[in-house]
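Below is one structure; the comments refer to it alone.
Every read-out reported here was derived from the displayed coordinates using simple, explicitly stated rules and does not represent laboratory data. Please read these numbers as outputs of a predicted model, since none were measured by experiment. Cβ: placed from backbone, ideal geometry, glycine included. Neighbour counts: every protein chain shown.
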Amino acid sequence: MSGKGLMPQHPALYLHIGFCDAAMKQVLILNITRMGDLVQMGPLLARLREEQPGVAIDLVVDRQFALVASMLDGLREVITFDFHELIDSSRASVKDVVSLYREVADWARPMRDRGYDRIVNLTFNRPSAFLAGYIGAPDIRGGRSAWDGGVVIDNAWMAYFTDIHRFRRINRFNLVDVYALGGSGPGECAPLHMTLRTEARDWACRFLASEKPEAARWIAVQAGASDIMKAWRPAHFGAALAALSERWKGGVLFIGAPSERETIAQVIQAYRGAGGRNPFINAAGRTSVEQLAALLAESRLLLTNDTGPMHIAVAVKTPVVDLSVGHVDFRETGPYGSGHWVVQPDLDCAPCGFEQVCAHHSCKDRLIPNQVAALMLHALGSGPFPIGLSQCRIYESGIDEDRLGTFRLRAGSELPAEAWYGTFWRRYWYQSFTGAPSHVPEPEGPAPDAEIALDVIANLVLKLDSLCKRAEDIVQAARGTPIAVQRLRALQQEQSRERESAVCVGMTNFAVAPLTTECMRTIHSDNVQGMELLARHHERAYRRWRDQLIEVRRRLSETGRRSSPRSLPFIAGSRPAHVKGGENARIS
């Protein structure tokens, strides 16, 4: 497969190339980093076809993911390039920057000449932003290059995704829906989907029958992960599978990359040591991506960490039990659609931040093997939903009232403030970005910390009044001829101090943290030249922040008036809800 041109990767995807109606819209999607991200954009492809019947959709991927891309429905062409080699060449200075630029430009020129109507850039980095800007389109959604080489994100949904990590505990949008809403818009719910050839399905059946003919049914297990932080302990996997084997008879299929064989060996050792009775196959490193998908399609269930194969299992309609540990947030990247289960440790620090260094990893020991086995048994249709669970939260995946993915708490408890504001902001952002009301029910009762939140908003509005005035002063100073440099510098320093003070207040509370994050991202993604224009850009960002705060204050006040104050437990199990660290604890 060549990166020097537009080369097809799967014949079935190219039947209509060259036969497009002149009025047909053309969309180019850039998605070049992860296998799971490719599978998760299936609903985006469906939404684009719903928005514009007959749309021609092309996809740019890294060459190593071409086979995965060929299994997606609705693509006209898959366009590949060895982006990893490009990055390595740049880092090692194998080629000078000008040569690398020319190489990419030569490869991308046919796409530029096609005249796409829309580019959807699902890769949030500078190289992809440069590529989107170079190819060009009237409508670019996602990152594009700014005048100074930075990244500008115009689409509200795509920009929101870059903000999530600052307030991820109250985010309620799955990456799948962010892709679809940002790249297209609201529409019918579409599941993840991958097309499997008959040859691949036949291979999977032969493989399982030849390896362990005594097993008539199978579950798959992905014990490894690309990041050790998001992997459950091998010993716990082994113990859970052994406990399952006491009540469910079938085969266990271990899947994974060649690098995960050692982890799987540890799981098998623990499984045997705990008295595991079911036959097993270690298929790690023995399959192509299509064969892996076919094996997952033949499995009754996948027990997994948060991995790319998890999304493949969802796409081939295999139920998933997702073990959400470490910095994994299942609400962002968990199994999409109905019929899946998520187990999360019941810890106030779960999930931890991406840049956080954990000193204890105790989240991995909060998921108890016997309880995971009981949930697996239920997911297999061989047992009731487990009761008496402890140290974890269990969620069931589904579709909400706005036809978006959701997760409903089935066991355990959530912090009241996180649960309340999760629903509040879910409704707020949906209405703000789509212009349509959300059908998700409002959170029950007033905000658990309503009085504190309103005080924080009042304090922050005063600070923003001052920031808006300071920005206007900078605009006037920048207009002077000649410019009063010392006065301008003094005003900018004062503005910087005031902004820092506002951000410190704005990140202390769930009622204001999302808006604070949005404003700071807007400030730093200016894409304007000139002191006056930059000052105007800052002023508009501060005024928008202030107006949004006033709207949030109105909504919080109305919610409080409609509901009488009462305790909000948000409990699905029998243990009382708890709040540690106070409702006004700093957002991490």
Among (i) 87, 63, 45; (ii) 95, 85, 78; (iii) 83, 66, 40, find the value of Cα extents along the principal axes in Å that was calculated from the structure presented, and write down its label. (i)
Which of rounded, prolate, oblate describes segment 198-412, given a ≥ b ≥ c as roots of the alpha-carbon gyration tensor eigenvalues and a/c under 1.5 marking rounded, otherwise prolate only if a/b is larger than b/c? rounded
Can you give the percent of C-alpha pairs in segment 277-373 whose distance is more than 19 Å? 48
Please compute the Kirkwood hydrodynamic radius over segment 433-483, one decimal place, Å, based on all pairs of different Cα atoms. 15.0
Each label sits 7 Å from Cα toward the beta-carbon; between Leu100 and Ser338 the label points are separated, in nm, by 4.9
So how do 147-153, 227-233, 392-398 stack up, highest first, on mean other-Cβ count within 10 Å? 392-398, 227-233, 147-153
Rounded, prolate or oblate: pick one for segment 244-286, where a ≥ b ≥ c are the square roots of the eigenvalues of its C-alpha gyration tensor, a/c under 1.5 means rounded, and failing that, prolate if a/b is larger than b/c, else oblate. oblate
Diagonalise the Cα gyration tensor of segment 450-562 and give the resulting equivalent ellipsoid semi-axes, square root of 5 times each eigenvalue, largest first, whole Å. 30, 13, 11
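Based on the Kirkwood radius over alpha-carbon pairs, what value in µm²/s does the Stokes-Einstein equation return for the translational diffusion coefficient of segment 331-439 at 25 °C and 0.890 mPa s? Show your work: numbers first, answer last.
Numbers: Rh = 15.7 Å.
After rounding, the answer is 156 µm²/s.
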Rounded FRET efficiency, nearest 0.05, which uses the C-beta distance separating Ala209 from Asp455 and R0 of 41 Å: 0.05
From phi via Karplus (6.51, -1.76, 1.60), per-residue ³J(HN,Hα) for segment 146-154 in Hz, x at Gly/Pro: 8, 5, 9, x, x, 10, 10, 10, 8
Dividing the mean separation of Cα pairs under 8 Å (6+ apart) by the residue count of segment 450-562 yields a relative contact order in percent of 40
Could you compute the FRET efficiency for Arg521 and Gln269, with r as their C-beta to C-beta distance and R0 at 45 Å, rounded to 0.05? 0.45
Cleavage-rule hits, chymotrypsin sites (Phe, Trp or Tyr not before Pro), segment 95-146, DSSP coil, Cβ neighbours within 10 Å at most 16: Phe124
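Where does the chain land at 222 nm, in deg cm²/dmol rounded to the nearest 500, when only DSSP H runs of n ≥ 4 count, each adding -39500 (n - 2.57), divided by all residues?
Here the helix-only value at 222 nm equals -14000 deg cm²/dmol.
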Let's test this: bin the Cα-Cα distances of segment 11-183 at 5 Å from zero up to the farthest pair and state each bin's percent. 1, 8, 16, 21, 21, 16, 9, 5, 2, 0
Report the relative contact order of segment 247-363, percent, no decimals, based on alpha-carbon pairs under 8 angstrom and at least 6 residues apart. 18
Taking a temperature of 20 °C and a viscosity of 1.002 mPa s, what whole-number D in µm²/s does Stokes-Einstein yield for segment 167-268 with Rh from Kirkwood over alpha carbon pairs? 124
Using the Cα gyration tensor of segment 380-502, the equivalent ellipsoid's semi-axes, largest first and to the nearest Å, work out to 48, 17, 14
Relative contact order %, the chain, counting alpha carbon pairs below 8 Å whose residues are six or more apart: 12
Ordering 160-172, 309-321, 201-213 by per-residue average of other C-beta atoms within 10 angstrom, highest first, gives 309-321, 160-172, 201-213
